[in-house]
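Let me begin by presenting the structure, written as structure tokens, before commenting on it.
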Amino acid sequence: MSSALRCRTLETAQLLTAGLSAARMYVSPRVGPRMFPLPINPAAHVLGCDRLYPLAAMVREFPGFTPLDADDAALWQDGINTLDEIGFQTAGGQLLAWLQSQEASRVFLIAHDGTIINYRTLLGETRLSRADFPGEAGTCRTVLT
């Protein structure tokens with residue numbers, strides 16, 4: 001892929017972690033694009049920004065990131081956008097469990113707005129709507145115990 005087609009999310013992570021000595025950067029399709037609200041029609045037109053960046057290109061163009069789930073070809077191919085709610089709860093729950101096992105004092109998940117809202121719902125927030133989207137370069141803070 002040309003440099004013009006690089007993933008903005010990964011580029012954002014690089015900018016945010018520049019100069020941090022202890023930053024570990026991972027990439028996972030479990031934080032890939034996910035529409036909100038669901039369900040999504042898998043046959044519907046998908047915007048370019050809602051497509052998964054191919055794992056091989058990511059490894060080649062972003063060597064500072066460690067891919068999680070590198071052996072899960074189906075997850076890298078299909079992502080989380082077309083998973084039903086139970087499928088997302090499973091995939092998202094596995095990512096959250098892995099994050100907690102890392103015992104990091106602070107973690108940043110950098111993702112699209114729909115993905116962020118879906119994870120906030122998975123973490124127990126209710127009555128979320130498009131009005132709760134973080135907006136361009138917005139943030140949401142969640143404390144896991």
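The values are calculated or read from the model by the stated rules, or taken from the named source; none is laboratory data. Just so it is clear, the model here is predicted, and its values are computed rather than measured. We place every Cβ from the backbone using ideal geometry, glycine too, and count neighbours over all the protein chains shown.
The set of residues in region 17-54 that are modelled with pLDDT of 80 or more, surrounded by 13 or more Cβ atoms within 10 Å (Cβ to Cβ) and farther than 20 Å from Ala74 by Cα comprises Thr17, Ala23, Met25.
Reported count of residues in region 76-98, each being closer than 17 Å to Leu10 by Cβ and either of a type in the set (D, E, K, R) or modelled with pLDDT of 90 or more (or both), is 1. Consider region 61-75 and keep the residues that are modelled with pLDDT under 85 and of a type in the set (Asp, Glu). The one that is surrounded by the fewest Cβ atoms within 10 Å (Cβ to Cβ) is Asp71.
The residues of region 107-140 that are touching a Phe, Trp or Tyr at 6+ places or on another chain (Cβ under 8 Å), in a loop (DSSP other than H, G, I, E, B) and among the small types (Gly, Ala, Ser) amount to a single one, Ala111.
So that you can scan it fast, the table gives a plain yes or no per residue for (1) surrounded by 10 or more Cβ atoms within 10 Å (Cβ to Cβ); (2) within 15 Å of Gly92 (Cα to Cα); (3) touching a His at 6+ places or on another chain (Cβ under 7 Å); (4) acidic (Asp, Glu):
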position: Ile110; (1), (2), (3), (4): yes, yes, no, no
position: Ile117; (1), (2), (3), (4): yes, yes, no, no
position: Leu123; (1), (2), (3), (4): yes, yes, no, no
position: Arg130; (1), (2), (3), (4): yes, no, no, no
position: Pro134; (1), (2), (3), (4): yes, no, no, no
position: Thr139; (1), (2), (3), (4): no, no, no, no
